[in-house]
Amino acid sequence: MHRFQTKSAIIRLRFAAFFLGLLWILIPAAGGILVYSLVENDKTLTLVAMGVALAAICVMIIQWILAARTRCPLCLTPVLAVKRCSKHRNAKRLLGSYRLRAALMILFKGRFHCPYCNEPSVLEVRERHARGRSHHRG
C-alpha cells in the first residue's frame, strides 16, 4: 500500500471526501424538497429547497478547491477532482462515480484505490529514514 508524505495531504483528502459525500446528499435532497414543495404548492418549502440548493453550490465550490490538491501518492493525479482522464480498466464505480467510491472508501475505510492507476493507498504518513545512518546497532 502506498502512503502519503505529509499529514496535511491526508487531511485535505478527508475534507474533500467529506464535502463530496455531502454534495451527493444535498443535491438529491434539494431536488426532492423542490418537487414536493411544487406538488404541495408550499412557498416556504420552496425557499427551503432553494436554501439547500445554495448550500450545495457552496459545498461544490469548497470541494472543487480542495479536490484540486488531493493527489494519489503514486501517480500524482487528483483523485477527487473532476478529470476527463482515462480511468484504469479495473477501477470500480459506485452509483456511476469513481470519485464517490474513492471518497466513501477514504471516509469509512481509511484507504482507497486510485481510479487512474488502481493502486491501493492507505491514509498514513510514510516513515522517513535518516540518510547515512544505520538503524541497526551491533
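The values are calculated or read from the model by the stated rules, or taken from the named source; none is laboratory data. Here the structure is a predicted model, which is why all the values come from computation and not from measurement. Note that each Cβ is placed from the backbone with ideal geometry, even for glycine, and that neighbours are counted across all protein chains shown. In case anyone asks, the SASA skips ligands and DNA or RNA and just uses the protein heavy atoms, side chains included. Shrake-Rupley method; radii C 1.70, N 1.55, O 1.52, S 1.80 Å.
In table form, for the structure just shown:
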quantity: Failed item, numbered, when Gly31 is tested on (1) part of a loop (DSSP other than H, G, I, E, B); (2) modelled with pLDDT of 95 or more; calculated: (1)
quantity: Leu74 in contact with a strand residue (DSSP E or B) (Cβ under 6 Å, 6 or more places away or on another chain), of a type outside the set (D, E, K, R), within 26 Å of Arg128 (Cβ to Cβ) and assigned to a loop (DSSP other than H, G, I, E, B); calculated: yes
quantity: Single match in Arg84, Arg128 (criterion: within 21 Å of Lys7 (Cα to Cα) and not aliphatic (A, V, I, L, M)); calculated: Arg128
quantity: Unique match (being among the β-branched types (Val, Ile, Thr) and buried (at least 17 other Cβ atoms within 10 Å of the Cβ)) among Val39, Val52; calculated: Val52
quantity: Residues within the range 116-125 that are open to solvent by 20 Å² or more (accessible area, probe 1.4 Å) and under 18 Å from Ala67 (Cβ atoms), tallied; calculated: 2
quantity: Breaking point among (1) out of contact with any Ser or Thr (no Cβ under 8 Å at 6 or more places or on another chain); (2) within 30 Å of Val122 (Cβ to Cβ), for Ala55; calculated: (2)
quantity: Test for His113: is it open to solvent by 90 Å² or more (accessible area, probe 1.4 Å) and in contact with a strand residue (DSSP E or B) (Cβ under 9 Å, 6 or more places away or on another chain); calculated: yes
quantity: Selection count where residues are closer than 15 Å to Cys58 by Cα and open to solvent by less than 20 Å² (accessible area, probe 1.4 Å), scope the range 6-16; calculated: 1
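Residue-wise test of (1) surrounded by fewer than 17 Cβ atoms within 10 Å (Cβ to Cβ); (2) without any contact (Cβ under 8 Å) to a residue 24 or more places away in the chain.
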position: Ile25; (1), (2): yes, yes
position: Pro28; (1), (2): yes, yes
position: Thr46; (1), (2): yes, yes
position: Ile61; (1), (2): yes, yes
position: Ala68; (1), (2): yes, yes
position: Arg71; (1), (2): no, no
position: Pro78; (1), (2): no, yes
position: His88; (1), (2): yes, no
position: Arg101; (1), (2): no, yes
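Listed here are the residues, each with its yes/no results for (1) part of a helix (DSSP H, G or I); (2) out of contact with any strand residue (DSSP E or B) (no Cβ under 6 Å at 6 or more places or on another chain); (3) closer than 17 Å to Leu22 by Cα.
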residue: Ala56; (1), (2), (3): yes, yes, yes
residue: Gln63; (1), (2), (3): yes, yes, yes
residue: Ala81; (1), (2), (3): no, yes, yes
residue: Arg89; (1), (2), (3): no, yes, no
residue: Arg99; (1), (2), (3): yes, yes, yes
residue: Met105; (1), (2), (3): yes, no, yes
